[in-house]
1. How large is the charge dipole for segment B:99-170, taken about the Cα centre, if only the Cβ atoms of Lys, Arg (+1) and Asp, Glu (-1) carry charge, to the nearest 20 debye?
2. Residue by residue through segment A:209-220, which ³J(HN,Hα) values in whole Hz follow from phi under the Karplus form 6.51 cos²θ - 1.76 cosθ + 1.60 (θ = phi - 60°), with glycine and proline marked x?
3. Report the calculated FRET efficiency for B:A218 and C:V133 (r = Cβ-Cβ distance, R0 = 56 Å), to the nearest 0.05.
4. Can you give the Kirkwood hydrodynamic radius of segment A:75-346 from its Cα pairs, in Å with one decimal?
5. Starting from the amide H of A:S298, placed 1.01 Å from N in the peptide plane, find each other amide H under 5 Å away whose residue is 5 or more places distant or on another chain.
6. As a test of the formula, what do you get for chain B when each DSSP H run with n ≥ 4 contributes -39,500 (n - 2.57) and the sum is divided by the residue count, at 222 nm and rounded to the nearest 500 deg cm²/dmol?
7. Projected area of segment B:1-148, taken from the Cα convex hull and averaged over every viewing direction, in nm²?
8. Can you work out the Karplus-derived ³J(HN,Hα) for every residue in segment B:111-128? Use 6.51 cos²θ - 1.76 cosθ + 1.60 with θ = phi - 60°, whole Hz, and x for glycine or proline.
Amino acid sequence: MPEPYENPNEAVAPTGAGGAMDLAAGEARSLTAPERPASPVPGEPGITAPEGTGAPAGPAPGEPGGRPRSLRTDAWHQLRRNPVFLLSALLILFLVLISLWPQLIAGGDPLRCDLERSQEGSAPGHPFGYDTQGCDVYTRTVYGARASLTVGICATVGAALLGGLLGGAAGFFGGWWDALLSRIADVFFGIPVVLGGLVFLSVVTSDTVWPVVGFIVLLGWPQVARIARGSVLTAKEHDYVQAARALGAGPGRTLLRHVAPNAVAPVIVVATIALGTYIALEATLSFLGVGLRPPTVSWGIDISNAAPQIRNAPHMLLWPAGALSVTVLAFIMLGDAVRDALDPKLA
Amino acid sequence: MLLDVQDLRVEFRTRDGIARAVNGVSYGVDAGETLAVLGESGSGKSVTAQAVMGILDTPPGRITGGRILFRGRDLLTLPEDARRAVRGAEMAMVFQDALSALNPVLTVGDQLAEMFTVHRGMSRRDARARAVELMDRVRIPAARQRAGQYPHQFSGGMRQRIMIAMAIALEPALIIADEPTTALDVTVQAQVMDLLAELRRETGTALVLITHDLGVVADVADRIAVMYAGRIVETAPVHDLYRAPAHPYTRGLLDSIPRLDRKGRELYAIKGLPPGLTALPAGCAFHPRCPRARDLCRTDEPPLFPVAGEGQVAGAGGDGRGAGDGGEARRAWDAGGAGGRRSACHFWRETLDDADISAAV
Amino acid sequence: MGRHVIRRLLQMIPVFIGSTFLIFLLVYALGDPVAALFGDKAPDPATAARIRQDLHLDQPLWRQYLHYMAQIFRGDFGTAFNGRPVLELMADAFPVTLRLTLVAVAVEVVAGIAFGVISGLRRGRPLDTGLLVLTLVVVSVPTFVSGYLLQFLLGVKWGWVRPSVSFDATFAELLLPGVVLALVSLAYVTRLTRTAVAENARADYVRTAVAKGLPRRRVVTHHILRNSLIPVVTFIGADVGALMGGAIVTERIFNIHGVGYQLYQGILRNNAPTVVGFVTVLVIVFLLANLLVDLGYAVLDPRIRHA
C-alpha cells in the first residue's frame, strides 16, 4: 500500500524548488513512513526489525554469530562497503580540501588575467585554457569550489538547524504552534525559488556570500521543517515512546532520549541531498546575475560569462560546469547512499 | 493424486547468507481431501504454498530442487503461460490478510470479475453479474451494491469472504488457504472457517489449510503435516496425531495448548527458539530444543520413518474418519506407515508411548 | 468530498495572501520604484512626491498591499516599464510559457513514467542501477548547464534543431527547451515511479493478482501501475507551478519571450508592477495546480475519497 504522498495538513506540495529539492524531500520522506508489518515471507532473516533485537526470523539471539546489530552500526557497516558512498565521500573530502587550500593544486591567482590570451585553448601549465578575460580557467575552477562549498554548507547548516528545530517542535508539541508553522511553510512553498531569489537578491548590494546563504536558508528551512515534523510525528507514535510516556517520562526526556534520535535520520538525509541542490541553486542565481558577484570566484558566474561564447570556446563553459555538476552529484550520491543504508525496508 | 509435492527445496538469498526455508518437503493431497499444514512462522509452510502456486518472490527466493506434480504435470517445468492458466483456474489461494491482499484502488466487484474476463473471456457485464453471484454465495449482504465498493469499506470478515469468493470463482480443484483466519476476530474466525468448509464440501475441492492454530485443524482437516525448520517432521491422520503424536515437536505443540481440564497447572512451553534458517543445526533441526535429544540426533538427520503400531490401532479403531477413509496406502511415499503416518524422529516409538503417560498426568 | 474541496480552498487563502505579501514586501520595501522610473537621472523631488502619491507609495505598506490587491482583482495590474499595461505583457508571455510547460510536462509524464516502470520492475538489475545513476547525474547537472550543453550539441554542432526560439514559439520549436526544462523533474519522476513500482510490485495484492492467474501485462498495468501513479500524479501536478516559475532560466538560454523573460526585464528595471503582477499570477497558478492535484489524488485513491 503506498503511503499517502503528502500530509493532509499541508495545503501545498513542496515543489517550489522543482524536482531537485523534491528528490531530497522524497528520499527522506521514505524514511519517515511508518514501518510496515514484517514481511510475510519467513525466509528473509536479513530483514530484521530495525532495532535488531532478534526478530524471530533472524538469527536467534544467543546463537554464536547472531549478535544483534543496531540500526546505526548496521547502516555504518553497509555504508563502508558501498562504493557509491566511498566515491562520493572521497570526492567531498577532496573538494573540502581544495576549498580550504586551493593553492595546493593551483599555483596561480584566479584574478590575474591576461587579455591577450582571451579564449585561448589549453596550453602547458594551463590545462583548461583561458576565458574571455584571459584568466586561467583551471585556477578559477579550483578556486570556485570555495564559494560553492561555503554557500552550500552554511546554507545547509542554517536550514537544517532552523527547520529541524522548528519542525521538530511543531511535530512534538502540536497544537496552534504546529498549525501556524505549517501555514508559514506553505507560504514559502508558494514562492517559486528562482523567482524569489531574483526578487530578493536583486535589491541586495553586498558582494559577500551571506545574502545568498541567508536567502537559501529562508526558502530552504520549510522543506527540512516538514520532514522533521513528519519524522517526529512518526517517532512519537512508536510503541516504545508511548510506553516511555506511560511510565511517566517527562516531555523533555521523551523528546531527547526517544524521539529525537529516531527522527534525526531523515533530517540528515534531506540535508545532505539539499546541500547538493543548494550549490546548484547558488550557481543558478549567480548565473542569473543576482547570486555571488565578482570578484568572488564562482562557477555560476564563470558559466554565465562563458555562455555567449559557447560556439567559439566551449572549454570555458565545460570545465566549471563539469566541476559544478560533479560537486552537486557527490553530495546527492552521499545522501542517497546514507538513505539506502538507513532504510531497513530496502536493505 | 491431485497434488504431489516431492522433495521440494527453496532457498532465499539474504544479507546473512543463504536461508534454506524449505528443505525437502513432500506431501500429497487427493481430490476432495483437506490437508492441514501446521507450523510456527518461519517453518516454511507458507513458502511451500507459494512455491506450489508459483508466486514465490524470485529473487530473493529460488527453488533449488524437487517436483510439484499437479494432476500429473510437473508445474516447475511448465512454460509460464501454461502455469498461469493453472493459477486461479485450477488452483487458487486464500491469503491471510485480506486487506493488503486486495487491491486498494479497485472495487471488489472488479477484482472478482477480473477472474472471469481473463480466464473465461467473458464480457465485463457478464463477469460483473458473476461477481455479484459469487458475493451472494459467500453470504455478503446487499451484494449488488457492495460490489461497487472498495476493500477498505468492508469489515475484516467480509473481506476474507471476498478472498474466498475469489478463490472459488472458477471452481478450482485445489484451494490453498494460507492462515485464512489468523487476522480475524475469534467470533469471525469460526464463521469464515465454517464457510470455507461448507463451500469445500459443496464443490468437492481439495484444500490445503496452512495454519499455526491447532484448534482450527481438528474440525476441518483430514490429515495433518507438521513442519519445523523447512521440513515435515510428522504427518498423520488428524485424530491419530491428536491422540498420540509421534514427534517430540508435535508433542510440545499439543502440550502448549491451554486446556480447561488442566486449569491451574503451569502451561507447557517448548524451550528455546526456532533455529535461524541461515544456520540450521546439524542432525535433527529440533534437537537443541528437544527434551528427548541424544547424541544420534545431533549428527544424523532423521528421515521420515513410517509409524506403525499405535497408528494402526487408531486407524482400525472406530472413529471412522482419520485413517479409515483417508489414509489407506494411497501414496507411494507413505505406504509404509499405517494410515499414512510418518515421523522424522529417531525415537518416534518412545514418543508415541509417552502419549499415554502425558494423558494420565 | 465537497467539504474537502472547500477546506482546501480556505487553507489556500492565507497561503496566497502570505506569498503575495512577501513578494510585495520585498519589491516595494527593498527597492525604490520611483527612483527606478527615472533610471540614472535624479528625480525632481516634486514629481517624485506626486508619483508616490499616485501610486499610494506614501501610505503604510499594508494599505499599499490592500490597494494593489484590490486593483488586481479588478483586472488592473498596473503599467510596465515600457508603458504597456502589465496585463498586455501577460497576454503575450503566459501562452508561450504555458506551451513550454506543457511540452515539459508531456516529456516528464511519458519518459519519466516509462523509465520508472522499466526500472522498478527490474529492481536491482544492471539496467535499474544504470538508470538510477543516470537520474542522479541528471539531477546534479543544473538546468543552465544542461540547457547550454544541449543547445550547443543539438542546435549548433549537429544542427538538429534551431538553437533559439522565434517570437511565435511554436510547439515544435519548444521541444528542446521543453526537454531541458523537464530534465530535473524527469529524473525525479523516474525515481518516484521506480520506487512506487518496486514497492507495489512486492505488495500483497500484486501477489494476489499473480495468484489469480492474470497475465503479467495486466498485473503491471491494472494493479501495479494504477497504484504507483498516485504519488507520481501528485508530483507532476504540483510541479506545473514550479516549472512555470523555473522556466526563467530555460527562457533565457533559448531566448524565449515568456514569463521568465518579462519577469527578468521587470527585475532588471526594478519595475514593481511587472514583478509583483507576474509573481502573483504564478502563485495563483501554483495554488490552483495544487488544488487540482488534491482532487486528482482523491479520484485516484478511493481510500481518501471515502475517508
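Values quoted throughout were computed directly from the atomic coordinates according to the rules given, and no laboratory measurement underlies them. Treat the numbers as computed from the prediction; the structure is a model and nothing was measured. Note: ideal-geometry Cβ built from the backbone for every residue, glycine included; neighbour counts use all protein chains shown.
1. For segment B:99-170, the charge dipole is close to 140 debye.
2. Coupling constants for segment A:209-220: 7, 5, x, 5, 4, x, 5, 5, 4, 4, 8, x Hz.
3. 0.50
4. 20.4
5. The list, which skips near neighbours in sequence, is empty: none.
6. Taken over chain B, the calculation gives -10500 deg cm²/dmol.
7. Mean projected area for segment B:1-148: 10.7 nm², to one decimal.
8. These are the phi-based 3J(HN,Hα) values: 5, 6, 5, 3, 4, 7, 5, 6, 7, 10, x, 6, 5, 5, 5, 4, 4, 5 Hz.
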